[in-house]
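Participant: One structure follows; several queries about it will come next.
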Amino acid sequence: MNNIFYQIIFLLLAVGLVIGIKLLSSPKTAKFGNALAAFSMALAVIFTLAEGGFNKFMPIMACMGFGSVVGIAWAQRVKMTAMPQLVALLNGFGGLASVLVALSETMRFLSLQADLSLGFAITSWVSIVVGAITLTGSVIAYLKLEELMSTKAIIFFAQRFITILFSLSVLVGLIFIVKNPACIFLFLLTAFISAILGVLLVIPIGGADMPVVISLLNSYSGIAAMAAGFVVESNLLIIAGALVGASGIILTRLMCQAMNRSLINVIFGAFYAKQSILLKSEQKPMREFSPMDAAMFLSTASRVIMVPGYGLAVSQAQRNLRELSDELKAKGVNIFYAIHPVAGRMPGHMNVLLAEADVPYNELYDLDQINSEFENADVCLIVGANDVVNPDSRTNKDSPLYGMPILNADKAKTVIVLKRGKGSGFSGVENPLFTLDNSGLVFGDAKASLVKIIQEVKSI
Amino acid sequence: MIMQIYILVLASLLGFEVISKVPTMLHTPLMSGSNAISGIILLGALAIAMQDNGFFGDLMAYLAIFFATINVVGGFFVTDRMLGMFKKKSGR
């Protein structure tokens, strides 16, 4: 009787989660959807504790208390620019929890009885493997986005071979586990090998592709939780885990489509990219514009298209950009913002950033809407964007970007680029836009450059 | 076991269907929100912690609770914060 009660409650809460995710797909209901999912989760916690008789209440509440404090502190204090890496890190923690859950339940079973059922062994293995890959993969994604490690695709000798070796070891581990289910050491070894595999799978992916990787790892953490649901016999875990796993795969595919690259290309592409593209140093000269030059071009234009990119976010210059737009609009210039689907570190990143700076929504245009307008634009101002305006992706078959739809920034009459330096940027791919005859660069930090340009515009 | 596999398949189909049309600007909050939901592993950690596990088992369960809680709480709060940015200028 008791059990049925809880089964029904958990089923209702699962429905709450499903509806929550559904509502998150639509702008009007997104905030409510998030709240509904959070509320369902909170109730699920309470009922889970109740079902277990509130055993060991104090240490459990202490752990949840500390976890909540850390979670809320990070969520409220992280800068919007650092938000993708926070999502990556949180995701990794979920993967870690899955590994720990599977391991501890396996240990407990083994101490009670000698043999594990085949189903238990397999689902425990899945939970540990996927959870460990998620953990280390997410940590690498975090490090790349925080630029605490190289953001380029890292390739080393025999990497393909080593990665395949580790993948096979994980599979072989399953065979051993099935034959010797009583050996906890095999599970621990599998966890360790999977953790290394997670690192191997993510380091050859360039920093600019991290959003896709994070979405995929997000899906993995759902799969790990789902497998753990089999291990601890919780239907709610299976449902929620499968839900996140499946929706994560779809979202990952959507992101790849926006880049017009296949998922295979994103994950394994670096192994096959021509090294010359990645390593060649700049040979043609880049024309330099002073802030005054830029200000002249901008104020005398009738149509200006702004192309924001990650550099805008890093420099926290979104408000300055809006201020510049306001000054130009006062001089009768028409301002448009072109938002590429993968500009920034995550899809929608630029939209959030510009909304934060009070840029009016109706000035933002996506790729399909604005691409034909570039040839009618007098000036295109590129602030911290690089790959999304790289003409090589149209014509250069050797480029890792080949085939990705880009913004036609090069078709504007004058292209002004705000760039930190002469280097090749985050993903290490050379961009011929910077050396075109109609391009000029204002070097320096985006915020500092914008401040100077605004001053000059005001004085015109 | 077979019952659970039914649930797995149906829930996966549901997951595929629910994410059919998402405007680009919602990709990130959606990813963040579903990340928070993947913290459901917290429930598994709680269930285990409440059982008899021995020292190491308990330790792993408590650690799992700690990390899963950060995942869940942090995830929902940061998603809410992202969505709050769109509130002022919705609808085009």
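Participant: Can you list the HN-Hα couplings for the stretch A:295-311, worked out from phi with the Karplus curve (6.51, -1.76, 1.60; θ = phi - 60°), rounded to whole Hz and with x for Gly and Pro?
Facilitator: So the J values, rounded to whole Hz, are 4, 4, 4, 5, 6, 8, 7, 9, 10, 10, 10, 8, 10, x, x, 4, x.
Participant: For A:Leu188 and A:Arg287 in one chain, what is 0.36 nm times their gap in residues minus the Cα-Cα distance, to one decimal in nm?
Facilitator: 29.9 nm
Participant: Excluding ligands and nucleic acids, what accessible area in Å² is computed for A:Met286 using a 1.4 Å probe, to the nearest 10?
Facilitator: About 30 Å², ignoring ligands and nucleic acids.
Participant: How do B:Tyr62, A:Tyr402, A:Tyr310 stack up against each other in accessible area, from largest to smallest, with a 1.4 angstrom probe?
Facilitator: Descending order: A:Tyr402, B:Tyr62, A:Tyr310.
Participant: When the accessible area of the protein assembly as shown is split by element with a 1.4 Å probe, what percent falls to carbon and sulfur?
Facilitator: 65
Participant: Which length gain, in nm to one decimal place, applies between A:Ala73 and A:Phe443 when the Cα-Cα distance is subtracted from 0.36 nm times their residue separation?
Facilitator: Answer, rounded to one decimal: 129.6 nm.
Participant: Here's a follow-up. Between rounded, prolate and oblate, where does the stretch A:71-197 land on the alpha carbon gyration tensor, with a ≥ b ≥ c its root eigenvalues, rounded for a/c under 1.5, else prolate if a/b exceeds b/c?
Facilitator: Verdict is oblate for the stretch A:71-197.
Participant: Modelling each spin label as a point 7 Å along the Cα-to-Cβ direction, I'd like the A:Phe157/A:Gln369 distance in nm, to one decimal.
Facilitator: Computed distance between label sites A:Phe157 and A:Gln369 equals 5.3 nm.
Participant: Turning to a different aspect of this structure: Given R₀ = 35 Å, FRET efficiency for B:Tyr6-A:Met61 by Cβ-Cβ distance, to 0.05?
Facilitator: It comes out at approximately 0.50.
Participant: I want the local charge near A:Glu375. Using Cβ-Cβ distances under 9 Å, sum +1 for each Lys or Arg and -1 for each Asp or Glu among the other residues.
Facilitator: +1
Participant: Another question about this same structure. A:Asn376 versus A:Lys397, label points 7 Å from Cα toward the beta carbon: distance in nm?
Facilitator: 3.6
Participant: With every protein chain left in place and a probe of 1.4 Å, what is the accessible surface of A:Phe192, to the nearest 10 Å²?
Facilitator: 130
Participant: Checking the a/c ratio against 1.5 first, then a/b against b/c, what shape does the Cα gyration tensor give for chain A?
Facilitator: prolate
Participant: A further question on this structure: What residues in the stretch A:106-121 lose 10 Å² or more of accessible surface when the other protein chains are added to their chain alone (1.4 Å probe)?
Facilitator: When all protein chains are present, A:Met107, A:Arg108, A:Gly119 each give up 10 Å² or more of accessible surface.
Participant: Enumerate the amide H contacts of A:Asn334 below 5 Å, restricted to partners 5 or more residues apart or on another chain; note that Pro and chain-start residues carry no placed amide H.
Facilitator: Amide H to amide H, under 5 Å and 5 or more residues apart or across chains, A:Asn334 pairs with A:Arg303, A:Val304.
Participant: Let me ask something else. With axes computed from alpha carbons, what is the tilt in degrees of helix A:446-459 against the longest principal axis of chain A, rounded to the nearest 10 within 0 to 90?
Facilitator: Value to nearest ten degrees: 30.
Participant: Top to bottom by accessible area (1.4 Å), largest first, where do A:Trp125, A:Trp74 land?
Facilitator: In descending accessible area the options line up as A:Trp74, A:Trp125.
Participant: Sticking with this structure for a sec: For the stretch A:310-371, just say rounded, prolate or oblate: build the C-alpha gyration tensor, square-root its eigenvalues into a ≥ b ≥ c, call rounded for a/c under 1.5, and beyond that prolate if a/b exceeds b/c, oblate if not.
Facilitator: Here the stretch A:310-371 falls in the oblate category.
Participant: Would you mind checking the tilt of helix A:30-51 against the longest principal axis of the Cα atoms of chain A, expressed as 0 to 90 degrees and rounded to 10?
Facilitator: 20
Participant: Once you average over the residues of A:228-239, how many Cβ atoms of partner chains fall within 10 Å of each Cβ?
Facilitator: What the average comes to for A:228-239 is 6.
Participant: OK, next. Give the calculated FRET efficiency between A:Leu12 and A:Gln113 to the nearest 0.05, with a Förster radius of 35 Å applied to their Cβ-Cβ distance.
Facilitator: Computed FRET efficiency for A:Leu12 and A:Gln113 comes out at 0.55.
Participant: List the accessible area buried at the contact between A and B, summed over both sides and calculated with a 1.4 Å probe, in Å² to the nearest 100.
Facilitator: The summed interface area works out to 8100 Å².
Participant: Taking only protein heavy atoms and a 1.4 Å probe, what accessible area per residue, in Å², does chain B have with all protein chains in place?
Facilitator: Per residue, chain B has an accessible area of 40 Å².
Participant: Right, next: Sorting A:Thr395, A:Thr81 by accessible area (1.4 Å probe), largest first, what list results?
Facilitator: A:Thr395, A:Thr81
Participant: Nothing charged except the Cβ atoms of Lys and Arg (+1) and of Asp and Glu (-1): what's the magnitude of the dipole of the protein assembly as shown about its Cα centre? Round to the nearest 20 debye.
Facilitator: Dipole of the protein assembly as shown, to the nearest 20 debye: 600 debye.
Participant: Counting only heavy atoms of protein chains, what accessible area per residue, in Å², does the stretch A:110-234 have with a probe of 1.4 Å?
Facilitator: For the stretch A:110-234, the solvent-accessible area averages 40 Å² per residue.
Participant: Measure nothing but the geometry: give the 0 to 90° angle between the long axis through the Cα atoms of A:210-231 and the longest principal axis through the Cα atoms of chain A, rounded to 10°.
Facilitator: Rounded to the nearest ten degrees, it is 10.
Participant: Averaged over peptide B:51-63, how many Cβ atoms belonging to another chain are found within 10 Å of each residue's Cβ?
Facilitator: 6
Participant: Also, I was wondering about something else. What FRET efficiency, computed as 1/(1 + (r/R0)^6) with R0 = 30 Å and r the Cβ-Cβ distance, is obtained for A:Met149 and A:Arg319, rounded to the nearest 0.05?
Facilitator: E(calc), rounded to 0.05, equals 0.50.
Participant: Find how many whole Å separate the alpha carbon centroid of the stretch B:1-45 from the alpha carbon centroid of the stretch A:1-62.
Facilitator: What the calculation gives is 14 Å, centre to centre.
Participant: For the stretch A:359-372, just list the computed ³J(HN,Hα) in residue order, Karplus coefficients 6.51, -1.76 and 1.60, θ = phi - 60°, integers in Hz, with x standing in for Gly and Pro.
Facilitator: So the Karplus estimates, Gly and Pro as x, are 6, x, 4, 6, 8, 8, 10, 8, 3, 5, 6, 9, 4, 7 Hz.
Participant: Can you work out ³J(HN,Hα) from phi for every residue in the stretch B:18-27, in order, using Karplus 6.51 cos²θ - 1.76 cosθ + 1.60 and θ = phi - 60°, giving whole Hz and x for Gly and Pro?
Facilitator: 3J(HN,Hα) across the stretch B:18-27, in whole Hz: 5, 9, 9, 10, 10, x, 3, 5, 8, 4.
Participant: Which whole-number value in Å² is the accessible area per residue of the stretch A:16-70, probe 1.4 Å?
Facilitator: Ligands and nucleic acids excluded, the figure is 47 Å² per residue.
Participant: For the cross-link pairs A:Lys419/A:Lys458; A:Lys152/A:Lys422; A:Lys329/A:Lys413; A:Lys79/B:Lys21; A:Lys31/A:Lys447, which exceed 24 Å when the distance is taken from alpha carbon to alpha carbon?
Facilitator: With Cα atoms farther than 24 Å apart: A:Lys79/B:Lys21; A:Lys31/A:Lys447.
Participant: Same structure, new question: Taking amide hydrogens as modeled 1.01 Å from N in the peptide plane, which residues meet the under 5 Å criterion relative to A:Ser439, leaving out close sequence neighbours?
Facilitator: A:Val415
Participant: When Cβ neighbours within 10 Å are restricted to other protein chains, what is their mean count per residue of peptide A:347-359?
Facilitator: Whole-number average of other-chain Cβ neighbours for A:347-359 is 5.
Participant: How big is the accessible area of B:Met85 in square angstrom, nearest 10, if you roll a 1.4 angstrom probe over the protein chains?
Facilitator: 40
The values are calculated or read from the model by the stated rules, or taken from the named source; none is laboratory data. For clarity, every value in this text was computed on a predicted model and none was experimentally measured. Please note: Cβ atoms are built from the backbone with ideal geometry, for glycine as well, and neighbour counts cover all protein chains shown. For accessibility, only protein heavy atoms count, side chains too; no ligands or nucleic acids. Shrake-Rupley method; radii C 1.70, N 1.55, O 1.52, S 1.80 Å.
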